[in-house]
Amino acid sequence: MSFVQCLFDGYSGHFENVMIKDLSYRGHAIVAEAISRQLNVSGVTDMGNAYVLDIGCGTGLLGTLLRELLETHAQENDSTCKSGEAASFGVLMHGVDLSHRMVDASKRRKLKGSHYQSDKYVYNTVKVMEGTQFLKSVDSGVANIIVASDVLIYMGALEEFFQECFRVLKLGGIVSFTVEAPKVSKTRGGNGDRGILLNKNGRFSHSRYYLEDAAEKVGLEFLEWKPEFLRKQGSEDVEGAVVTLQRLR
């Protein structure tokens, strides 16, 4: 069992209390906001029937926000949908996580709200698997949106992940994720010279120039780098960014 899997299996029972209340975690909201900004400006269409992949879905915090966002957006832009009518769109949302306990929690997660006729599950399916390996199991050209909140900080080099995102995305599809920003642009030797820094806490930081270069190599267009406060680490703020890429060819 990997370090990350052990870490989040242990976290699963109190993950949301610790992350949101104690650490002021914002990754899920930041990524959902990034997707929202792109819905009307990047050719991302047919969101009522969107195919969404949530990499490192955890307990379903981001998936919940995304399903609500996409179904509301589709309803507001569907001229055939009557005012006050419950959303009944075909958003397909598939999650994946390394932690068995996180997956169990996300499988049980439901949407609740007055505009839903009954509680509905956030995810259509959730699997226990590493993110890049999961993408390799997905057919080519099927996804409208791929998201990863607080996930790439455990992955280091991202070229293979980006390559699989490119393959799986439809033309016009987008991938949005958070990264921690390195406090220095480079370190001497090894991957640091490529814009990747392994921090003392065991997480990776990625520079903007590294991400731009890695995305360009696989054919993904760099849409956005937006600096953000991600969460607390002890008494310090963890600074990073939300990044959005798009497949345009």
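Listed values, structure above:
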| quantity | calculated |
| --- | --- |
| Neighbour-limited loop hits for trypsin sites (Lys or Arg not before Pro), the stretch 102-175 (at most 13 other Cβ within 10 Å; DSSP other than H, G, I, E, B) | K112 |
| Estimated D of the stretch 121-249 in µm² per second, where Rh is the Kirkwood radius over Cα pairs and Stokes-Einstein applies at 20 °C, 1.002 mPa s | 140 |
| Amide hydrogen neighbours beyond the local backbone of V96, cut-off 5 Å, H modeled | D54, G56, C57, K127 |
| Entries of K183/K232; K136/K170; K110/K170; K200/K232; K170/K217 with Cα pairs more than 24 Å apart | K110/K170 |
| Distance in nm between pseudo-label sites at K200 and L171 (7 Å out along the Cβ direction from Cα) | 5.1 |
| Percentage relative contact order, the stretch 104-164, counting C-alpha pairs under 8 Å, at least six apart | 24 |
| Residue-span extension gain [D104 to K127] - 0.36 nm each, minus C-alpha spacing | 7.3 nm |
| Cβ-derived FRET efficiency at R0 41 Å, V142 paired with S24, nearest 0.05 | 0.70 |
| Additional length obtainable on full extension of the chain from T72 to L92, 0.36 nm per residue less Cα span | 5.8 nm |
| Assigned charges on the beta-carbon of Lys, Arg, Asp, Glu; the stretch 88-178 dipole about Cα centre (debye) | 500 |
| E160-E224 pseudo-label distance in nm [points 7 Å out on the Cα-to-Cβ vector] | 3.0 |
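Any read-out appearing in this document is the output of simple, stated calculations on the displayed coordinates, not a laboratory observation. Remember, it's a predicted structure, so these values are computed and weren't measured experimentally. Every residue, glycine among them, receives a Cβ derived from its backbone with ideal geometry; neighbour counts consider all protein chains shown.
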